[in-house]
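Q: Can you keep this structure in mind? I'll have questions shortly.
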Amino acid sequence: MSTLNPSQIKVAVTGAFGYSGRYITQRLLDQGHEAITLTNSTKRQSPFGDRVRAFPFHFDQPEQLRNSLRGVDVLVNTYWIRFDHRLFNHRTAVDNTKILFQAACAAGVKRIVHVSITNPDLNSPLPYFSGKAELESALITLGVPYCILRPTVLFGKEDVLVNNIAWALRHLPIFGVFGRGDYRLQPIFVDDFAALAVAAAQRMEKEILDAIGPETFTYRELAETIKQKLGSRSLIIGVPPSAGYWACRILGRLVRDVVITREEIQGLMEGRLYVDAAPRGTTRLTEWMVHHKETLGRNYTSEMARRVDRVSRYSSN
């Protein structure tokens with residue numbers, strides 16, 4: 001197995017002040033590697049002090065982006081968006097990521113570790129999954145050694161999905177699952193995912209890895225499990241997907257966030273967050289929740305707040 005110099009590599013991590021990027025960066029630093037970050041949040045307080053230098057993305061100035069990447073051995077790319085919005089959209093995210101890949105190649109970056117998604121599909125009408133598939137294709141043909149990581153749902157202190165399900169089960173008398181709730185997902189602990197990314201950064205072979213956790217839940221089972229761990233009395237019922245979507249739209253107005261989109265509901269119900277593969281994470285969500293049940297879901301985590309507020313640090317539960 002070919003590797004980069006194991007003693008120290010220089011890695012550029014996109015979004016090192018955010019969620020998964022922060023865990024990846026911490027592991028790199030703990031192992032003695034050098035890290036920089038490319039970010040839209042250069043004014044956000046760094047959790048790493050002055051150990052990680054921040055550079056703007058400069059998607060509109062590829063030459064500056066290329067200069068920021070000179071001397072970098074590995075690019076770990078977590079840059080993406082969850083849904084289309086008037087302030088950002090998937091098409092722009094795809095185009096920006098292609099600019100990033102080209103800049104990395106021109107700068108002499110030796111390897112790219114790219115975060116994709118389970119079951120990407122060029123023919124999908126869902127822009128999340130078709131966009132991820134388009135980027136995988138662009139990376140594979142770039143000519144730079146790569147690792148494509150395909151995670152499903154990440155969980156951890158700063159996550160959105162699991163935390164907000166817990167929040168709803170703490171605060172609402174009824175929790176609706178879309179349809180029968182029998183579609184599956186395989187959550188992976190964010191630090192387990194970070195370990196996979198850091199290990200992949202030190203290899204050189206071309207590879208595509210499904211990054212899933214050791215437990216598989218149906219969506220209803222996930223809600224029931226969280227309810228049981230929290231001691232919630234909320235009633236879990238199946239609702240028509242359209243009714244569930246509009247209920248979430250109303251809730252979204254109250255919390256000033258996009259709780260879930262039609263496309264996300266469709267992706268869930270199509271089973272796109274499940275793959276028939278061996279788990280690569282070891283941390284079990286059921287056990288993790290036991291240790292975090294006092295804080296899990298106490299506060300709502302807003303995706304929109306993270307996208308708009310580029311100054312405040314990410315909060316954790």
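Q: Quick check on segment 159-169. Is at least one of its residues surrounded by fewer than 23 Cβ atoms within 10 Å (Cβ to Cβ) and either more than 28 Å from G297 (Cα to Cα) or basic (K, R) (or both)?
A: No, every residue in segment 159-169 fails to be surrounded by fewer than 23 Cβ atoms within 10 Å (Cβ to Cβ) and either more than 28 Å from G297 (Cα to Cα) or basic (K, R) (or both).
Q: Moving to a separate point now. Quick one: how many residues across segment 278-302 are in contact with a Lys or Arg (Cβ under 9 Å, 6 or more places away or on another chain) and either at pLDDT 95 or above or of a type outside the set (S, T, N, Q) (or both)?
A: 9
Q: Among all residue pairs at least 6 apart or on different chains, which show Cβ distances below 7 Å where the first residue, located in segment 287-302, is on the phi < 0 side of the Ramachandran plot and open to solvent by 70 Å² or more (accessible area, probe 1.4 Å) and the second is modelled with pLDDT under 95 and assigned to a loop (DSSP other than H, G, I, E, B)?
A: R298/N317; N299/N317
Q: Further question: I'm checking my understanding of the structure. Among residues of segment 214-259 that are of a type in the set (F, W, Y), outside any strand (DSSP E or B) and within 24 Å of the chain's Cα centre (by Cα), which one is surrounded by the most Cβ atoms within 10 Å (Cβ to Cβ)?
A: Top of the filtered list is Y219.
Q: Restricting attention to segment 131-152, report how many residues are part of a loop (DSSP other than H, G, I, E, B) and surrounded by 21 or more Cβ atoms within 10 Å (Cβ to Cβ).
A: Total satisfying the criteria: 1.
Q: For segment 66-88, give me the residue count where each residue is under 16 Å from the mean Cα position of the chain (by Cα) and assigned to a loop (DSSP other than H, G, I, E, B).
A: Residues in segment 66-88 being under 16 Å from the mean Cα position of the chain (by Cα) and assigned to a loop (DSSP other than H, G, I, E, B): 7 in total.
Q: Being assigned to a helix (DSSP H, G or I), over 20 Å from the mean Cα position of the chain (by Cα) and surrounded by 17 or more Cβ atoms within 10 Å (Cβ to Cβ) is the filter here; which residues of segment 106-130 pass it?
A: A107
Q: Considering only residues that are touching a Gly at 6+ places or on another chain (Cβ under 9 Å) and open to solvent by 30 Å² or more (accessible area, probe 1.4 Å), look in segment 80-105 and name the one that is nearest to E264 (Cα to Cα).
A: R91
Q: Something else about it: How many of the residues in segment 18-38 are at pLDDT 95 or above, outside any helix (DSSP H, G or I) and on the phi < 0 side of the Ramachandran plot?
A: Adding up the residues that qualify gives 7.
Q: If we keep just the residues of segment 1-17 that are open to solvent by 10 Å² or more (accessible area, probe 1.4 Å) and either farther than 17 Å from R111 by Cβ or assigned to a strand (DSSP E or B) (or both), which is modelled with the highest pLDDT?
A: K10
Q: Within segment 260-278, take every residue that is closer than 15 Å to I117 by Cα and among the hydrophobic types (A, V, I, L, M, F, W, C) and give me the one that is surrounded by the fewest Cβ atoms within 10 Å (Cβ to Cβ).
A: A277
The values are calculated or read from the model by the stated rules, or taken from the named source; none is laboratory data. These numbers come from a predicted model, not from an experiment. Every residue, glycine among them, receives a Cβ derived from its backbone with ideal geometry; neighbour counts consider all protein chains shown. The accessibility values were calculated without ligands, DNA or RNA, using every heavy atom of the protein model including side chains. Shrake-Rupley method; radii C 1.70, N 1.55, O 1.52, S 1.80 Å.
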